[in-house]
Amino acid sequence: MLGTASESKKKIYQIIYGYWQSQCLYVATNLGIPNLLQSGAKTVEIIAEETGTKAEKLYVVLRALAHLGVFAEKPGRVFAPTELSKLLITDDSPSVGHFLMHITEPNMWDAWRELENSLKTGKVPFELAKGQDFYSSYMTENPDSKRLFNNAMSFLTNEAVEPLFEAYDFGRFKTVMDLGGNQGTLIANIVKKFGCKGILFDLPHEVETAPNNLLKYGVSDAVQVMGGSALESLPKGADAIVMKYFLSVFSKEDSIKVLTNCREALPADGKVILLQTLVPSLGAPVEYPDGTIPGLAAVQMMITNPGGYWRTEQEYKDLFKASGFQLEQVVYTGTSLTVMEFSL
C-alpha cells in the first residue's frame with residue numbers, strides 16, 4: 001500500500017529517532033518535571049513557571065514525550081504523570097531517572113560525538129572530547145556528575161539484589177570484599193542479608209559518600225571502607241571478592257593485573273564472584289527480558305574507558321584462566337545479571 005513503511009524501514013526510523021527521544025527525556029528529567037507532577041496534573045504554563053522555561057517551547061517537548069507515553073496530555077495543555085514518568089522521579093531514592101541523566105548528560109553526549117574519531121585513533125572518546133579521564137579527574141572535578149553516577153550505580157544494584165540473593169548464597173563466606181563498590185550499596189545488602197563482614201574497596205574519591213550510605217542500611221560497624229587502586233594492591237582479610245561490572249572498565253591487560261592482585265589478597269580457598277551482564281554469544285538473543293542490550297551497552301563502556309567493555313561468557317572464562325583462576329559455576333539469576341564464581 002502506497003505510503004506504508006516496511007517493518008525494516010520502521011525499525012531504521014526508530015533507531016534514527018533514538019537520540020531525539022533520549023535528549024527530550026533528559027531535559028524533562030533534569031528540569032525535575034517528573035518530580036513536579038507527583039502531586040498531580042499541571043498546565044504547561046505552571047510547569048514552565050516552576051522550571052524557569054518558556055511555556056510555548058516547553059509545550060513542544062512535553063507533547064512529544066506525551067506521544068511516547070512518558071506523560072499524558074489532557075485538554076487545555078495539561079500534563080499528567082504516567083507509570084513511565086514515575087520511574088524518573090529523582091527526589092526520593094536512586095532511580096531510572098539518575099541512570100538516564102548519567103548516561104545522557106551533555107558531557108557524555110559530547111563523548112559520543114567522538115566515537116568515529118576513536119575508532120580511527122584508538123583513543124578514548126570521553127578523553128578526546130573533554131581532555132580528561134572520566135573516572136578520576138572528571139568525576140573529581142564535577143560533583144554533580146559524580147552524584148548522578150553514584151545514584152545510577154546504586155539504582156542498578158538495588159534492582160538486581162533480590163533475584164541475585166535468591167540465586168546465590170553469600171552466607172558461606174565470613175568476609176566479602178566488594179571491589180569497585182562505589183558507595184557500598186551492594187556490600188551493604190550482602191552484609192545485611194547474610195550476616196557476614198564486609199570490606200568496601202574502591203578509589204578514594206569513589207568511597208567518599210560510602211559511610212553515609214552504609215549508615216542508612218545500618219551496617220556501618222560491619223563494613224570496613226578502604227580507598228586505593230586495584231591496579232596496585234588489594235587489602236587482605238576477605239575470603240571472597242565480589243566484582244559487579246568492575247572488570248568492564250579495564251582492558252585485558254589491566255584486568256589481568258586486577259585479578260593477579262585478587263589472587264594475592266585471597267586465601268587458598270578464596271573465591272572471586274563476578275557479577276556481570278554478559279554479551280550474548282553469536283546466535284543467542286541479543287536483548288534480555290529487562291530490555292538490556294549488552295552489545296550496545298558495551299559501546300557505552302568503550303566511550304568512557306580505555307580498553308574496557310562488556311564481554312561474552314567465554315571471554316571472561318579466558319580472562320580468569322589467564323590470571324590463574326578456574327571457573328567453579330555459572331549462576332543465571334533470571335535478570336540481565338549473571339554470577340560467575342572462580343576459585344584459585
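The values are calculated or read from the model by the stated rules, or taken from the named source; none is laboratory data. Given the structure is predicted, the values throughout are model-derived calculations rather than measurements. Methodologically, a virtual Cβ is constructed for each residue, glycine included, from the backbone with ideal geometry; neighbour enumeration extends over all protein chains shown. Each accessible area value is taken on the protein alone, full model and side chains, heavy atoms only, with ligands, DNA and RNA left out. Shrake-Rupley method; radii C 1.70, N 1.55, O 1.52, S 1.80 Å.
With a/c under 1.5 counting as rounded, go ahead and sort region 235-344 into rounded, prolate or oblate using the C-alpha gyration tensor (a ≥ b ≥ c being the square roots of the eigenvalues; past the cut-off, prolate if a/b is larger than b/c, else oblate).
prolate
Could you provide, to the nearest whole Å², the per residue accessible area of the chain with probe 1.4 Å?
50 Å²
What accessible surface, in Å², does a 1.4 Å probe find on residue 223, ignoring ligands, DNA and RNA and rounding to the nearest 10?
Taking all protein chains as shown, residue 223 has close to 10 Å².
Over the Cα atoms of the chain, Rg to Rh with Kirkwood Rh, two decimal places?
For the chain, the value is 1.00.
Below 8 Å, C-alpha to C-alpha, sequence gap of six or more: please give me the relative contact order for region 1-119 in percent.
24 percent
Would you mind counting up the charge near residue 330? Only other residues with Cβ under 11 Å from its Cβ, with Lys and Arg at +1 and Asp and Glu at -1.
Here the count lands on -2.
In nm, give the distance between the simple-model label positions of residue 119 and residue 67, each being 7 Å from the Cα along the Cα-to-Cβ direction.
Label at residue 119, label at residue 67, 3.0 nm between them.
Could you please state, rounded to a whole Å, how far the C-alpha centre of region 33-80 is from the C-alpha centre of region 280-339?
Going from one Cα centre to the other spans 39 Å.
Would you grab the residues whose amide H sits under 5 Å from the one on residue 176? Only those 5+ places off in sequence or on another chain, please, with H modelled 1.01 Å from N.
Here the answer is 197, 198, 199, since their amide H atoms fall under 5 Å of that of residue 176.
What distance in nm separates the simple spin-label points at residue 252 and residue 205, each placed 7 Å from Cα in the Cβ direction?
3.0 nm
Restricting to DSSP loop positions (anything but H, G, I, E, B) with no more than 11 other Cβ atoms inside 10 Å of their own Cβ, which trypsin sites (Lys or Arg not before Pro) remain in region 34-93?
Answer by residue number: 54.
Counting alpha carbon pairs within less than 8 Å and at least 6 residues apart, what relative contact order, in whole percent, applies to the chain?
12 percent
Starting from a Cα-only point model with no solvent, please compute log10 I(q)/I(0) by Debye for region 155-307 at q = 0.10, 0.13, 0.14, 0.19 1/Å.
-0.36, -0.62, -0.72, -1.27
Can you list the equivalent-ellipsoid semi-axes of region 35-84, largest first and in whole Å, using the square root of 5 times each Cα gyration tensor eigenvalue?
Equivalent ellipsoid semi-axes, largest first: 15, 12, 9 Å.
Between residue 84 and residue 169, how many nm apart are label points set 7 Å from Cα along the C-beta direction?
4.4 nm
Shape call for region 78-125 from the C-alpha gyration tensor, a ≥ b ≥ c root eigenvalues: rounded (a/c under 1.5), prolate (a/b greater than b/c) or oblate?
Prolate, since a/c reaches 1.5 and a/b exceeds b/c.
With r defined as the distance between the Cβ atoms of residue 54 and residue 11 and R0 fixed at 41 Å, what FRET efficiency is calculated, to the nearest 0.05?
The computed FRET efficiency comes out at 0.75.
Residues in region 58-79, backbone N under 19 Å from the label point at residue 45 (7 Å along the Cα-to-beta-carbon vector): list them, ranges by number please.
Once the point is set 7 Å along Cα→Cβ of residue 45, 58-63, 73-79 turn out to lie under 19 Å by backbone N, inside region 58-79.
Classify region 1-129: rounded, prolate or oblate, from the alpha-carbon gyration tensor (a ≥ b ≥ c, eigenvalue square roots; a/c under 1.5 rounded; otherwise prolate if a/b is larger than b/c)?
oblate
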